Amino acid sequence: MPPSDDSLPPAPRAWQVVLEHIERDLLDDTLAPGDHLPPERDLAARLGVGRSSVREALRVLEVMGLIRTGTGSGPSSGAVIIATPHGGMSALLRLQVAAHGFPLDDVVRARVALESAVVEDLASQGAPDTAAVRRILDAMDAADRTREEFLTLDAQFHLGLAEASGNLVITATMAGLRNAIESYVQIGAARVTDWPAMAARLQHEHRAIVEAVEAGDPGRARDLVRAHITGYYAEARLARETTSERTTP
């Protein structure tokens, strides 16, 4: 007996058919970065959907950072595959964070895992380029730096480590989580009674992490960054589950 209509999965929307078609072309190398997508009219006719559905799919792809669209004629017109690493993933994570889709403890654990991998990788590279993160640390040392300015630079420092590692996926994930990280770091900072002492300690820990990276010591760099992150959350009473042991920088 054939299944009833209620038991059948819902048919994909027309714009999803377009997305799936483009995804298949990317997976089998029919399309690659730099290639133009077929014109809207051709895609609509080939897939049996309306041109409005094609346009909707293209808008989704543009927001995801997978295509760039241009008007007029010439090589920059139409929809071009660009596959921007920081596009869709970062935007999706930011939206999930804004909608409170991620519990704080999960963000903390994810950050520990990501940043541990970052510094281990950097320390294993041999002569990693840490000039940019050191410039950020120097800026954080300014005596007239406000708490808010310090915390903004702190977020740039941690993202800078990810960028220095060269891992595009981790960098995009860190960028997407940045708003969440900044928000609860600021909440924790507001609970600190002696902020100058806290800032000095955080800077000491930052420099110890960079020094371990530059010394080519992945294990120490990993332990230091874990202690740095979890220690702050524990002292600011932000996370339910944090590492109780701190590694002394």
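The values are calculated or read from the model by the stated rules, or taken from the named source; none is laboratory data. Since the model is a prediction, treat every value here as computed from it, not as a measurement. Glycine also receives a Cβ, built like all others from the backbone with ideal geometry; neighbour counts cover every protein chain displayed. Surface accessibility is based on the protein's heavy atoms, side chains included, excluding ligands, DNA and RNA. Shrake-Rupley method; radii C 1.70, N 1.55, O 1.52, S 1.80 Å.
Of the accessible area of the stretch 93-164, computed with a 1.4 Å probe over protein heavy atoms only, carbon and sulfur atoms account for 53 percent. Here the gap between residue 211 and residue 138, fully extended at 0.36 nm per residue and compared with their Cα-Cα distance, gives a gain of 24.9 nm. Here the spin labels are modelled as points 7 Å beyond Cα on the Cα-Cβ line, and at residue 129 and residue 59 they lie 3.9 nm apart.
Enter the Cα centre distance for the pair the stretch 203-230 and the stretch 144-191, rounded to the nearest angstrom. Each part reduced to its Cα centre gives a spacing of 16 Å. Between the beta carbons of residue 190 and residue 13, assuming R0 = 30 Å, the FRET efficiency works out to 0.10 to the nearest 0.05. Expressed as a fraction of 2.2 N^0.38 Å, the C-alpha radius of gyration for the stretch 92-166 is 1.28.
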